[in-house]
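Below: one structure, written as structure tokens.
The values are calculated or read from the model by the stated rules, or taken from the named source; none is laboratory data. Computed from a predicted structure; not experimentally measured. Cβ sites come from the backbone with ideal geometry, for glycine too, and all protein chains shown count toward neighbours. With ligands, DNA and RNA removed, areas are computed over all heavy atoms of the protein, side chains included. Shrake-Rupley method; radii C 1.70, N 1.55, O 1.52, S 1.80 Å.
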Amino acid sequence: MKQKLFILIILALFWSPTLAQESSDSAFATAQQRIQGALGQQTRIREGKGEEGEIIQLDLRGLGLSEIPEDLWRLDLLQELDLSRNELTTLPEGIGNLISLQKLQLQSNELTTLPPEIGSLSALEDLNVGFNPLEQLPPEIGNLSSLRFLLLDEAPISELPPEIGQLSSLIQMSLSNTNVTTLPETFSQLTSLRVLFWHEVGLTEVPSVVWSLPSLDDLSLPGNQLTTLSPEIQQLQSLMYLELAGNPITSLPDEVWSLPNIYMVSCISCALQTISPAVGNAASLELLHLQGGEGNDITALPIEISNLVNLRQLSVGGMPLESLPAEIGNLVNLQSLTIMDSHIAELPSSIGQLTSLTGLLIRSDRLNEIPSEIGQLQNLNSLDISGNVIPPEIGNLYMLSDMSIYGNGRVVIPPEIGQLQGLMTLRFEGSEIIVPAEIGQLQTLFSLAFHGAESLELPDTFNQLINLFDLGIAEGGLTEIPPVVWELPSLEDLNLNGNNLGSLPPEIGQLSTLKHLYLFDSGLNEFPPVWQITGLEDLVLSRNNLTEVPPEIGLMTNLTLLDLDGNQLQSLPPEMAQLENLERLNLYINYLEEVPEFLLEMSARENFRVNLQTNRLEVDPPAAWLSGEVLRSYLEASSAD
């Protein structure tokens, strides 16, 4: 009986051929109407009644068209046509009549071929046929002498026709997520090609013909299977951008660093085993992003990296770096320095010479003391660094707006932190965090987090943070939240996840501005006394030890989310029916033996959803989240049973 009930529910969502036909007719009529408007515009232009410089554009995207009105092919003055996101399986030969067309968007259809007549569009500059099941391009593609942009992304094309080399005006081609892994020899004739995007096609080597492209300045090859690059890359004398992210590249040839115009090299998520000293030859380099591979032994950056005086961004990760060269201070134009996953135990004092830095991120499992020279970085506005000992000079960073300190033990915050009057977000991680009274002076602070604190004492001045609306005290196993937290006047978001609180005091009700309260896995044995916080919208109490929900829950009429997943609830109070704004109720993994009656009333709400799975109900819910008619049918089945 239960199976029949839910089969009927599914069948109720039936497909109607009549409705489908009406939808198709409506789309065709809409297209026809727009085409007639464009034809009228074309007539006015021919009669000399158009505006100076007026062009004809036709937008037929997203209509669900499976065929194109014939009148479209009369628009010989049409310059831009968008047929994307339809259901076209063929492109009629009439496309060749649009001799003035400059931009044609055909992406996201069901086209398997392009007609030979596409080659008649001598004025076409921009062609996008990506996200179609195209398997090949017609040879006539080579007739598009004005074509500048050709986008083939996500089309299962496996090869390009030799005629592709005739596209003498082409400046950008995208072959991302196609099946193209080789190129015809004629590809070298694309002397105007500047940009080649070739993402995630499984390339194991770059075809040598690529190295013959004299104008190429942007070569983007992320997500392939390249392990190295050929020294022939030195022929790309115009190359500025080299993107190699996500390739298992173990080394870069020295020739990369000798390219006269190289501006950016990115090898994020690569598998580098070495960094050549030749990196210092890249005089024009401004952006450098490198990531080491598993098992590499890169313990130091080559000293020659300090020769890159034009470098603005340096990002290094996945390397067991033990130090930074003292010469790093020579990078006087460096604006962003990121060192991830390192074993650096001490930073050189020369880091204070990097006075152009606006962003500094250094993560290390061995860095204990942050050097005092950090205070010389007067332009710094974002600081994310490992360390337990914070120098008083931190107070000199007047431009700082975002600071994160990741300690692995006792973290002592110096009083000088109160001088950072522009600080907006602040995060500390450590098992014991010592907070000075001066923290109350941070009047611009709106987000603050203490992560992993097993011991946390907050000064009485903490309640002076009048603009703090986001506070996290999470994942530390605290048994008590410092009482001064309940005195914060503007708090809206409070994250207390991952503690061992047992219960919360009545004073939490003083947080009258609170909207979002998170108590996931916080060891609660009692429902928190939050009834006075009438503006609360999200209440997350999942994975605790709650056995009951008190009737006062009905007072919280602004709740939109109530998450009670993973508790020990056997029943729910009828007062929950008063939660008129509740949209999501999570009761997953509890001990409910009967479906609460108030859910029937809530099921009439358009946005309401409930999860009742993994309880002790006699009738199992048909899905994780139930709403609308499915929920009502389930409730009726449960009641009948």
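Some notes on this structure:
- Taking 10 °C and 1.306 mPa s as conditions, region 263-383 diffuses translationally at an estimated 111 µm²/s according to Stokes-Einstein applied to its Kirkwood radius (Cα pairs).
- Full extension of the segment from A437 to Q568, taken as 0.36 nm per residue of separation minus the current Cα-Cα distance, would add 43.0 nm.
- Shown here for region 371-468: chymotrypsin sites (Phe, Trp or Tyr not before Pro) in loop regions (DSSP other than H, G, I, E, B) with at most 15 other Cβ atoms within 10 Å, namely Y398.
- The GluC sites (Glu not before Pro) of region 258-353 that DSSP puts in a loop, and whose beta carbon has at most 12 other beta carbons within 10 Å, are E294.
- For the pair region 434-502 / region 342-381, the C-alpha centres are spaced 27 Å from each other.
- To the nearest 10, the accessible area of T181 is 60 Å² with a 1.4 Å probe.
- As a length-normalised measure over Cα pairs under 8 Å and 6 or more apart, the relative contact order of the chain settles at 4 percent.
- Zero-based 5 Å bins, Cα pair distances in region 15-114, whole percents: 2, 13, 21, 25, 18, 10, 7, 3, 1, 0, 0
- Spin-label model, E369 to E346: label points 7 Å out along the Cα-to-beta-carbon direction sit 0.8 nm apart.
- For the chain, share of DSSP beta bridges that run antiparallel, in % to the nearest 5: 0 percent
- Fully extending the segment from R616 to N581, taken as 0.36 nm per residue of separation minus the present Cα-Cα distance, adds 9.9 nm.
- Evaluating 6.51 cos²θ - 1.76 cosθ + 1.60 at θ = phi - 60° for every residue in region 476-487, the Karplus couplings come out as x, x, 4, 9, 8, 8, x, x, 5, 4, 6, 9 Hz, glycine and proline recorded as x.
- Förster-model FRET efficiency, 45 Å R0, E80 and T560, C-beta, rounded to 0.05: 0.55
- The simple Förster model, with R0 at 35 Å and r as the Cβ-Cβ distance, assigns E606 and T547 a FRET efficiency of 0.60.
- Screening the chain for whole DSSP H helices of 15 Å or more along their axis (Cα) with average Kyte-Doolittle hydropathy at least 1.0 returns 2-12.
- Every helix of 4 or more DSSP H residues in the chain counts as -39500 (n - 2.57), and over all residues that averages to -3000 deg cm²/dmol at 222 nm.
- Over the chain, equivalent-ellipsoid semi-axes from the Cα gyration tensor in Å: 52, 44, 23
- Sites S145 and T182, calculated FRET efficiency, Cβ-Cβ separation with R0 25 Å, nearest 0.05: 0.50
- One decimal place: the segment Q234-E487 gains 84.6 nm when fully extended, by the rule 0.36 nm per residue minus the C-alpha distance.
- Å² per residue, accessible surface of region 196-284 at 1.4 Å: 36 Å²
- Here region 106-214 exposes an accessible surface that is 43 percent carbon and sulfur, computed with a 1.4 Å probe and the other protein chains kept in place.
- Amide H partners (placed H, <5 Å) of I339, local residues excluded: V316, L361, I362, R363
- Area of K49 that stays accessible when all protein chains are in place (1.4 Å probe, Å², to 10): 140 Å²
- Part-to-part distance (alpha-carbon centres) for region 546-596 and region 153-174, which is given in Å: 59 Å
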